[in-house]
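In what follows, a structure is listed as structure tokens, so that the remarks can point back to it.
The values are calculated or read from the model by the stated rules, or taken from the named source; none is laboratory data. Since the structure is predicted, the reported quantities are computational estimates derived from the model, not experimental observations. Backbone-built Cβ (ideal geometry, glycine too); neighbour counts: all protein chains shown.
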Amino acid sequence: MAADGVSVTNGDADKQSIPLVIGASSAGTLFEWYDFFIYGTLAASGIIGRTFFPAGSETLQTLLAWAGFAVGFGFRPLGAIIFGYLGDRLGRKYTFLITITLMGIATAGVGMVPSAETIGLAAPLLIILLRICQGLALGGEYGGAAVYVAEHAPDGRSGFYTSFIQASVSGGFVLSLFVVLGVKSGMTAQAWESWGWRIPFILSIILLAVSVWMRLQLRESPVFEKMRARGEMARNPFIESFTYPGNKRRLFVALFGVAAGLTVIWYTAMFSVLSFLQGPLKVESTTAQIVVAAAALVGSVWFILFGHLSDKWGRRRIIGIGYALTLVLMMPIFWLIGSQANPGLAQTAERAPIVVSGTGCHYDPFSSKQATPCGRVLDQLTAKGLPYTIAPGEGLRVTIGGAAVADPQGEALEQAIVAAGYNLTPQTPPMRNLLVVFLGVVALSFLSGMTYGPVAALLSEMFPPAVRYSSLSIPYHIGTGYFGGFLPFIASYIVAKTGDPYAGLWYTLAVVAIALAAILWGAGRSWEKDQAVPQPD
């Protein structure tokens, strides 16, 4: 029971309406996340960087493309504030109709922007503007769908019903990969690189039409209707989200203990592993996308399973255990994937490690041209995704497997790398190895399902109905927008800076450790007792 006497769920809801409620809400969420993830899927393959963010350095080009990805996430909290306010004042249904329309139009627009080669600086500026629109839309979408389903769910079943919303987020990622693979298979590689990659963006218009039609069939949330009939709606949901008794602490736990932790696990399990396979491990891009898509599809079952189990065992308990398992298992899972995805490259790196030394031997990923000869060597190695170790030394010196490279500049270094046995052409691992990689990604999805599956129900139950849309959306989108949205960028920067393809995982593990501490602290406090405090007039 919520603070003002209106339950988070609707125990007497029309049972026949539940499939429509879940189907329309989940499908809309799936399509909206498809729109958002298409950019990330193509950024991981390098097309976005080459088309809209050309730079003198391939590494800088990749970082700029991921920065464009992060911008959309950066504006999600603002979208949460705007659409959370509308959702608490005007209703859940019409608010997330607006968000999905904005998302569909912005996504199609990305597919229509000319390249930087054609219109210069206007190209990246237009992409950033459209990413901002996507971020605003997504900031209002998740809260609306989660609250809408939670407020229709029968008592004691909120975790199970809202878990389909969580699974649809993963479904949007899978759909983006399948559409990319389907379009690629129907044309030549040259056509795909030239213009074919735009088709998945433009297809969002069709998905938009389907989503709007489905959501128009829905009625308003019964909990919202009861609040409106009783005159119990918040006057200013944004302000009251911070002034409602006990809400500041709940917002803190929702941000650091829930949203930040689950989102870095999810993005590491999906985007980081895809970039890891296509980048440092040199797995052929189509093969990598098929494996990750198939594993994510199978892994979506975990979201529903743990949403269901959270109705029985408790939401915070399952999420906390998921965090603890992530801290123990994530790095070993990536090591396993790395050893199997390209065993030849892994064996060569172990047999013939690259060691670089010299004056001013540091690497600036944001510079299009490195200032020192040693920095230029590091840039060359980073662009190829090769691991290296920096050792102290005066003059520039590069050794590969203990043998010094006579002239470690340009083509001489390239030839030495090839002579040492490094095969940098994209590889398709043997089927047995692919199966291990597939199971590794499924295991990552297991960790994500434990921490993400129960979340919509947990956050809906944490906050009173009058400010639920706003109170849920704001911490969720700050956490997912900044901790998760900037993850590919931060992880890529750490990898580029250190030369260690696994180093970016330390960012994920640090955030998860903070989240575990926050949720343990929150578990010692009674949210239910806070919610029993009468709402101020």
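All of (1) of a type in the set (Lys, Arg); (2) touching a helix residue (DSSP H, G or I) at 6+ places or on another chain (Cβ under 7 Å); (3) at pLDDT 90 or above hold for Lys248 with one exception: (3). Residues of the range 396-418 that are in contact with a strand residue (DSSP E or B) (Cβ under 8 Å, 6 or more places away or on another chain) and outside any loop (DSSP other than H, G, I, E, B): Arg397, Val398, Thr399, Ile400, Ala404, Leu413, Ala416, Ile417.
May I ask you to verify whether Tyr482 is under 20 Å from the mean Cα position of the chain (by Cα), on the phi < 0 side of the Ramachandran plot and either surrounded by fewer than 24 Cβ atoms within 10 Å (Cβ to Cβ) or assigned to a helix (DSSP H, G or I) (or both)? Break it down into steps so the answer makes sense when it comes.
On the way: under 20 Å from the mean Cα position of the chain (by Cα): yes; on the phi < 0 side of the Ramachandran plot: yes; either surrounded by fewer than 24 Cβ atoms within 10 Å (Cβ to Cβ) or assigned to a helix (DSSP H, G or I) (or both): yes.
Criteria met by Tyr482.
From the list Gly338, Gly360, Gly314, Gly344, the lone residue that is small (Gly, Ala, Ser) and surrounded by 18 or more Cβ atoms within 10 Å (Cβ to Cβ) is Gly338. Between a first residue in the range 181-192 that is closer than 20 Å to Val292 by Cβ and a second residue that is among the hydroxyl-bearing types (Ser, Thr, Tyr), which pairs have beta carbons less than 8 Å apart while being 6 or more apart in sequence or on different chains? From the range 181-192, the pairs are Leu181/Thr286; Lys184/Thr286. The number of residues in the range 364-395 being within 21 Å of Ala67 (Cβ to Cβ), under 27 Å from the mean Cα position of the chain (by Cα) and assigned to a loop (DSSP other than H, G, I, E, B) comes to 5. With the requirement that a residue be crowded, with 16+ Cβ neighbours inside 10 Å and not in a helix (DSSP H, G or I), what does the range 187-209 give you? Result: Leu203, single match.
Across the range 412-432, not a single residue is classified as exposed (fewer than 15 other Cβ atoms within 10 Å of the Cβ) and within 12 Å of Ile354 (Cα to Cα).
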